[in-house]
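> Please find one structure pasted underneath; my questions will follow.
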Amino acid sequence: MTQAQTKKLTFEEYLSYNDGTDTRYELVDGELIEMPPESQQNNDIAKRILFELLKHFPIELIAYKDTEIEVSGRLARCRLPDLILHTEESKAAISTRNRATITRDMPPPAIVVEVVSPGTTNRDRDYRHKRTEYAARCISEYWIVDPQEQQITVCTWINGQYEDEAFRDEQKLKSTIVPAFDLNVNQILNASQV
């Protein structure tokens, strides 16, 4: 990932930023961070989760790589998760805006899913930084899907903090939001298992 500019942006400047390209950015402490295209493996993993969620929720409540979340940081921060499962409240709030951004004054979504890309920077971002940022937003569940480690960690918001449970192999995810989620880790991470 490369930084796209040096001037620190406010959140409001970020919301109106347009460089005339289709480049996707996250905002981290006022800096635009270009998000490289996902690997085909990560896209396929996110789509398998998407299709399973569609068995349990209407398509209108699911955002696939197109909705961002304002989070807390030293300066302005906004993340662009791989998948979001809205609550009725977060969907209603975002529907009143021109841009698919869940701001801090809006209700949080129910679930945020991040598929970890290779590399220490990506691992730190998904396991440490985003975990803290999503916890500060009181998001009920944060799923960290890790193809390299062949595991999925479900961080569940309980009594003001995340409690983590890691799932591997043939284990099905335990989710308070999607109790009937029917795929196991191998089926999510490995196309040959579906």
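> I need the full set of residues from region 132-143 which are open to solvent by less than 60 Å² (accessible area, probe 1.4 Å), part of a helix (DSSP H, G or I) and either farther than 21 Å from residue 173 by Cβ or basic (Lys, Arg) (or both), in order please. Before the answer, list the steps.
Step one: list which residues in region 132-143 are open to solvent by less than 60 Å² (accessible area, probe 1.4 Å), which gives 133-135, 137, 139-143.
Within this subset, residues satisfying the condition of being part of a helix (DSSP H, G or I) are 133-135.
If the condition is that a residue be open to solvent by less than 60 Å² (accessible area, probe 1.4 Å), part of a helix (DSSP H, G or I) and either farther than 21 Å from residue 173 by Cβ or basic (Lys, Arg) (or both), then 133 is the only one that fits.
> Just checking, does region 36-43 include any residue being part of a strand (DSSP E or B) and either crowded, with 18+ Cβ neighbours inside 10 Å or aliphatic (A, V, I, L, M) (or both)?
Initially, region 36-43 is screened for residues part of a strand (DSSP E or B), giving none.
Within region 36-43, not a single residue is part of a strand (DSSP E or B) and either crowded, with 18+ Cβ neighbours inside 10 Å or aliphatic (A, V, I, L, M) (or both).
> Would you be able to say whether some residue in region 4-21 is open to solvent by less than 40 Å² (accessible area, probe 1.4 Å), part of a loop (DSSP other than H, G, I, E, B) and modelled with pLDDT of 90 or more?
yes
> While we're on this one: Pairs under 9 Å by beta carbon, first residue of a type in the set (Gly, Ala, Ser) in region 155-178, partner open to solvent by less than 90 Å² (accessible area, probe 1.4 Å) and assigned to a loop (DSSP other than H, G, I, E, B), six or more apart or different chains?
If the second residue must be open to solvent by less than 90 Å² (accessible area, probe 1.4 Å) and assigned to a loop (DSSP other than H, G, I, E, B), the pairs left are 160/138; 166/149; 175/181.
> Say whether the condition of being in contact (Cβ under 8 Å) with a residue 40 or more places away in the chain, under 17 Å from the mean Cα position of the chain (by Cα) and outside any loop (DSSP other than H, G, I, E, B) is met by at least one residue in region 97-108.
yes
> Okay, moving on. Does region 46-77 hold any residues that are part of a helix (DSSP H, G or I) and either in contact (Cβ under 8 Å) with a residue 40 or more places away in the chain or touching a helix residue (DSSP H, G or I) at 6+ places or on another chain (Cβ under 8 Å) (or both), and which are they? Give the steps one after another, and end with the answer.
At the first step, the residues of region 46-77 found to be part of a helix (DSSP H, G or I) are 46-53, 59-61.
Correct list: 46, 48, 49, 52, 53, 60, 61.
> Considering only region 83-93, I want to know if a residue exists there that is open to solvent by 50 Å² or more (accessible area, probe 1.4 Å) and in a loop (DSSP other than H, G, I, E, B). Steps first, answer last, please.
Filtering region 83-93 for residues open to solvent by 50 Å² or more (accessible area, probe 1.4 Å) gives 88-89, 91-92.
If we keep only those that are in a loop (DSSP other than H, G, I, E, B) too, we end up with none.
No, that holds for no residue.
Each row is one residue, and each column tells you yes or no for (1) closer than 29 Å to residue 16 by Cα; (2) among the aliphatic types (A, V, I, L, M).
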{"residue": "97", "(1), (2)": "yes, no"}
{"residue": "112", "(1), (2)": "yes, yes"}
{"residue": "119", "(1), (2)": "no, no"}
{"residue": "130", "(1), (2)": "yes, no"}
{"residue": "145", "(1), (2)": "no, yes"}
{"residue": "170", "(1), (2)": "no, no"}
{"residue": "173", "(1), (2)": "no, yes"}
{"residue": "178", "(1), (2)": "no, yes"}
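The values are calculated or read from the model by the stated rules, or taken from the named source; none is laboratory data. Predicted model only: the values in this text are computed from it and were never measured. When we count neighbours, we look across all protein chains shown, and the Cβ atoms used for this are built from the backbone with ideal geometry, even at glycine. Please note that ligands, DNA and RNA were not included when accessible areas were found on the heavy atoms of the full protein model with its side chains. Shrake-Rupley method; radii C 1.70, N 1.55, O 1.52, S 1.80 Å.
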